[in-house]
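Everything below concerns the one structure shown next.
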Amino acid sequence: MAADPYSLMAMSCFLEGNGKAVILPKGCVLYHTSSLAITSPERPPSQPVDWLEFLAANRAQVRCLEVTEDQIRGAVPIPPEALDPQGKSGTVLIATLRGNPVTVLTPKSAAP
């Protein structure tokens, strides 16, 4: 039996750091450097915690980028300078709307 493409597992990604795991919508991680502090396991290695608890435990490695509804829909691209890790290694950049992780669609290229 094939996996359901609309299941929670198929539409989610996981991050783990400082012994805490969080389930996030796929497409909300805008930037992730290779880091031993924050990892992206296929399945959560422990019981997931809520977003705010994970963020509080991993504030040094997790940055949030507040995005607009147009950026979420892919109508307006996120400026490249907003995606710059600013020299911080081990950083994860999460797209948020009103403080909550949100999937950001890739902007569609303009038709010729």
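Read-outs throughout are calculated quantities, based only on the coordinates presented, and are distinct from any laboratory measurement. Not measured: the values here are computed from a predicted model. Quick reminder, even Gly has a Cβ in these numbers, built from the backbone with ideal geometry, and neighbours come from all protein chains shown.
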- What order do you get for 61-72, 97-108 when each peptide is scored by the mean count of other beta carbon atoms within 10 Å, highest first? 61-72, 97-108
- Query: Residue separation times 0.36 nm, minus the C-alpha to C-alpha distance between Arg98 and Ala3: what's the value?
  - Reply: 31.0 nm
- Query: Which percent of Cα-Cα pairs in the chain sits in each 10 Å bin, short to long?
  - Reply: 14, 43, 33, 9, 1
- Query: Which order do peptides 14-26, 43-55 fall in by mean Cβ count within 10 Å, highest first?
  - Reply: 14-26, 43-55
- Item | Mean separation of Cα contacts under 8 Å (6+ apart) over length of the chain, as relative contact order % | 31
- Report the residues of region 1-28 in range of a label on Arg43: point 7 Å along Cα→C-beta, backbone N strictly under 13 Å from it. 9-10
- Item | Local net charge near Thr106, Cβ-Cβ under 14 Å (Lys/Arg +1, Asp/Glu -1) | +2
